[in-house]
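Reading through the structure tokens given below for one structure.
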There are 4 protein chains.
Amino acid sequence: MTDQRSISLNTDIGEGFGDWRIADDDALLDIVTDANVGCGFHAGDPDIMRRTCDIAAARSISIGAQVGFYDLRGFGRRFIEIPPESLTNDVIYQFGALQAFAMAAGATVAYVKAHGALYHAAVAHPDYATAVIRAIMAINPSLPLMCQPGTPFAKAAQEAGLRTIAEGYIDRAYLPTGLLVPRGSEGAMITDLNESCRRAVQLAAEGTVIANDGATIAMPVDSMCIHSDSAGAVQIASAVRAAIENAGLTVAPLHAS
Amino acid sequence: MTDQRSISLNTDIGEGFGDWRIADDDALLDIVTDANVGCGFHAGDPDIMRRTCDIAAARSISIGAQVGFYDLRGFGRRFIEIPPESLTNDVIYQFGALQAFAMAAGATVAYVKAHGALYHAAVAHPDYATAVIRAIMAINPSLPLMCQPGTPFAKAAQEAGLRTIAEGYIDRAYLPTGLLVPRGSEGAMITDLNESCRRAVQLAAEGTVIANDGATIAMPVDSMCIHSDSAGAVQIASAVRAAIENAGLTVAPLHAS
Amino acid sequence: MTDQRSISLNTDIGEGFGDWRIADDDALLDIVTDANVGCGFHAGDPDIMRRTCDIAAARSISIGAQVGFYDLRGFGRRFIEIPPESLTNDVIYQFGALQAFAMAAGATVAYVKAHGALYHAAVAHPDYATAVIRAIMAINPSLPLMCQPGTPFAKAAQEAGLRTIAEGYIDRAYLPTGLLVPRGSEGAMITDLNESCRRAVQLAAEGTVIANDGATIAMPVDSMCIHSDSAGAVQIASAVRAAIENAGLTVAPLHAS
Amino acid sequence: MTDQRSISLNTDIGEGFGDWRIADDDALLDIVTDANVGCGFHAGDPDIMRRTCDIAAARSISIGAQVGFYDLRGFGRRFIEIPPESLTNDVIYQFGALQAFAMAAGATVAYVKAHGALYHAAVAHPDYATAVIRAIMAINPSLPLMCQPGTPFAKAAQEAGLRTIAEGYIDRAYLPTGLLVPRGSEGAMITDLNESCRRAVQLAAEGTVIANDGATIAMPVDSMCIHSDSAGAVQIASAVRAAIENAGLTVAPLHAS
């Protein structure tokens, strides 16, 4: 699913609950092309999901199921030791709930993305990867999984026959292996917006990234992640999109590819 | 959708949560033809929903979405003053979650039924009826609503163009109007199993019921409700099914009609 | 408990959940003297409660239990038809949880205040008033209830022998009866900050308020409510406090009186 | 706190939620002397807590706070990676809520016991042990912790200056080290009721147990655990109590010692 002339920008959206909100969703939905919508387990509720799907559909933004652990209090960032069968069922449940809103808006859920601690668990523990993969197989084997290329999670999905959407990061340093410099390590985070924009253009135009040893490595990505809970997320998203477009490239949603 | 030679038996199923259970679901699923499956708001969780849908699909039992207020603690029996738009969204969410499990089992959700306080609210308050009806219209206008014929809820659904599945009760006395004798009134509950069986046969064979003034009134029903949380629910279900079949009538799931 | 030379300023505090926040608690805790702390049912969680109690204790701010319906999604603003015995138990539970944090901070819960839909239910339905009152009697009959004077809720509490803390509003118009002009009616909300400050001084200095017919009526209050979720809540609180102090009056927490 | 002539019998109680129940609480409360009451995070709700405390107080049964992870769905049996400060706050919250019901019943919470995955986490991870211990220190440093003697959790509590209540098991085999044969290992579970009774008497009378290598080892315990969710829990509890009393020993609640 990689095409270096068109790239998508995805972000986490709909991560409020009841009266609570985290990000400036409306502004972000003016910039990104793919919305990873919280499904009510770690964030999101039926009202927010409905509204988000309606906006996304009206703007031809792709809707992704941002699935996570059942943990509103911890925002899905706490690892939970859940039996694999239960995790599979939790992912199916979340997907189904979101799909109903997508369909009510005349759209469909275009991909699945694991959130927070579930994402990390799926990368680190084969059982968790398998559980998420089984959920997608049970839902629809042609539904793609958005994840970082080269991780055990991505490999397991591909081995299972799933399509994957390769995700790149503009605010994280890469190791020569193509994996990320772990959070907390020196230089892990890229906080300079100009540098993020430069990396975004290189990722989009050439499918490469400069690793933290200075080497240029292949990193063919389909979508770039904008962290919606970063300070200045809207400005970052806006600057990155402008940089990509100014480089003569197209920003387009995944479902258009 | 009424056909007096074939009748369905529905019951509430999957009303546990985590380790907790209420009814003997496995035994009931050997007897009934239509399962009103809890969707996680007032009862049910993804594991229970998956298992229930798998069993139902394997036995050709129709799967209905038993939707309710978001109230595990009160088992959906407490009225909640929820804005109509939110209620619509809550119903869509619950339906979608169940639909994903039904589809994973090779089936589809065949109808919607409101549970507990939501059912009573939909009968008593036009706003609640409309909110549920709007949810079904948003999901799929050809998806039928199971409810008691003659109620304001049933009428509103029909006026909105929805199909309704007329439900009859074998353990409740009827007023001459065709509505139920209110709980708590003398004679409201029919506790004699032979009488319940007799009424079941009459409902199924003739589409009539004897009201509490002795008059025989028309009551064409598509399905009869077995209350799964009654003491002896399995025996009641079993006896009612046997009585209907012994009368030469067919017990068949709704999706077969 | 009325003393017109000293007045307290209370506000709702700790109304976040997990990563979510509503108000600028830290700024408000620099201004108010009494903190109505959410107890986890409609808002608040153990981390927020601990931190809020620690700050309140360190600043000699009174800690009140802001009790509500079990409804995070609806922020406690949705009426729930709960059996009175359950409501009593819900209030005891919330109080106890908060009391543990207050005691860990070397303080104690000084009063109870009903939040949102529970407050309105307690004013409108004697059963709900009685349920809250019974909770306080079970906890500690000398624990005061903060509420609006003259309401059926306040009267029921007084008849039951409870102490009440009379609360006044600086942003709501009063009827000649001493009750509030209902929200939604013309002139119900006072949005001019100067007028709010003027009313605050009059309430504090004279124990009177000018009703919406122009008459000056008695309104002896112990505390004035600052709505923490209003736009500009911090500025309003700051201006009101300055106005009262500039008038030569003392702003002091309830537990000091 | 060990006295071999008097022993207590504790069990988990109040582990329902809303309409759901697990064990025959009323029958167990006729037999045991110490009730580990669920506090609403993994099981239990305000209604159940109130009723359980009322019964316990009326029968002079000690009330213990059975604290667990915030996980109704997993019944507190799923490990959750929670920051230690949050865990401390969760324990304080649960204790406080229960204490309010105990006090309303004229009693007080006599001890704390960690449930399920939290118990195992506290034995296996020093951070979790410390978090629970800090909660007790914050609540009341003289409040004892019930746990298995010899575990890292028990040692950490003692080093922190907490009192511990040594708990013994009648249905689990012991290693020569005094720790338990891990579940799943051969012979880990003692399923013969006569053998359980024999071990109960030996534990109570002599403060010893026969390890799985045949050696008699010291095991001075204050209380013996009856697993309320075992099949036949009521019969087991009844038989064990009779065996101890027939041996001339006293069964008495902890708060009496």
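Would it be correct to say that D:Gln99 is open to solvent by 10 Å² or more (accessible area, probe 1.4 Å), part of a helix (DSSP H, G or I), within 11 Å of chain C (Cβ to nearest Cβ) and in contact (Cβ under 8 Å) with a residue 24 or more places away in the chain? Answer is yes for this residue. Among residues of the stretch B:65-83 that are facing chain C (nearest Cβ under 7 Å) and among the hydrophobic types (A, V, I, L, M, F, W, C), those with a Cβ under 7 angstrom from a residue that is surrounded by 24 or more Cβ atoms within 10 Å (Cβ to Cβ) and assigned to a strand (DSSP E or B), sequence gap 6+ or separate chain, pair up as B:Ile80/C:Ile80.
Out of the residues in the stretch B:213-233 that are within 19 Å of B:Asn194 (Cβ to Cβ) and of a type in the set (S, T, N, Q), which is least open to solvent (accessible area, probe 1.4 Å)? It comes out as B:Ser230. Per the conditions (1) among the aliphatic types (A, V, I, L, M); (2) within 7 Å of chain A (Cβ to nearest Cβ); (3) open to solvent by 10 Å² or more (accessible area, probe 1.4 Å), the sole criterion not satisfied by B:Ala107 is (2). Filter the stretch D:3-41 down to the residues that are among the hydrophobic types (A, V, I, L, M, F, W, C) and under 30 Å from D:Ala218 (Cβ atoms) and list them by number. Residues satisfying the conditions are D:Ile7, D:Leu9, D:Ile13, D:Leu28, D:Ile31, D:Val32, D:Ala35. Selection of the stretch A:36-50 for residues being in contact with a Gly (Cβ under 8 Å, 6 or more places away or on another chain) and either open to solvent by 10 Å² or more (accessible area, probe 1.4 Å) or within 14 Å of chain C (Cβ to nearest Cβ) (or both) yields A:Gly38, A:Phe41, A:His42, A:Ala43, A:Gly44, A:Asp45, A:Pro46, A:Ile48, A:Met49.
Based on what the data block shows, is B:Ile55 open to solvent by 10 Å² or more (accessible area, probe 1.4 Å), in a helix (DSSP H, G or I) and more than 14 Å from chain D (Cβ to nearest Cβ)? Against the criterion (open to solvent by 10 Å² or more (accessible area, probe 1.4 Å), in a helix (DSSP H, G or I) and more than 14 Å from chain D (Cβ to nearest Cβ)), B:Ile55 qualifies. Note on the stretch A:12-35: residues that are away from chain C (no Cβ under 14 Å), under 29 Å from C:Gly14 (Cα atoms) and open to solvent by less than 10 Å² (accessible area, probe 1.4 Å) amount to 2.
Taking the condition within 23 Å of D:Gly116 (Cα to Cα) and either part of a strand (DSSP E or B) or not hydrophobic (A, V, I, L, M, F, W, C) (or both), does D:Ser238 pass? Spelling it out, it is not the case that D:Ser238 is within 23 Å of D:Gly116 (Cα to Cα) and either part of a strand (DSSP E or B) or not hydrophobic (A, V, I, L, M, F, W, C) (or both). Being within 14 Å of another protein chain (Cβ to nearest Cβ), surrounded by 24 or more Cβ atoms within 10 Å (Cβ to Cβ), under 23 Å from A:Ala131 (Cβ atoms) and hydroxyl-bearing (Ser, Thr, Tyr) is a description that applies to A:Tyr93. The single condition from (1) in a strand (DSSP E or B); (2) under 21 Å from the mean Cα position of the chain (by Cα) that B:Ile217 fails is (2).
Sub-9 Å Cβ pairs linking a first residue in the stretch C:197-208 that is without any contact (Cβ under 8 Å) to a residue 24 or more places away in the chain to a second residue that is open to solvent by less than 20 Å² (accessible area, probe 1.4 Å) and in a strand (DSSP E or B), at least 6 apart or interchain, are C:Gln202/C:Val209, ordered by first then second residue.
Among all positions in the stretch D:34-47, there is at least one residue which is part of a helix (DSSP H, G or I), touching a residue at least 24 places away in the same chain (Cβ under 8 Å) and more than 15 Å from the chain's Cα centre (by Cα). Filtered by the rule that a residue be surrounded by 15 or more Cβ atoms within 10 Å (Cβ to Cβ) and over 15 Å from the mean Cα position of the chain (by Cα), the stretch C:234-251 gives C:Val234, C:Ile236, C:Ser238, C:Ala239, C:Val240, C:Arg241, C:Ala243, C:Ile244, C:Leu249, C:Val251.
The values are calculated or read from the model by the stated rules, or taken from the named source; none is laboratory data. Please read all numbers here as calculations on a predicted model, not as lab measurements. Every residue, glycine as well, gets a Cβ built from its backbone with ideal geometry; the counts of neighbours run over all protein chains shown. Surface areas here come from the heavy atoms of the whole protein model, side chains and all, with no ligands, DNA or RNA. Shrake-Rupley method; radii C 1.70, N 1.55, O 1.52, S 1.80 Å.
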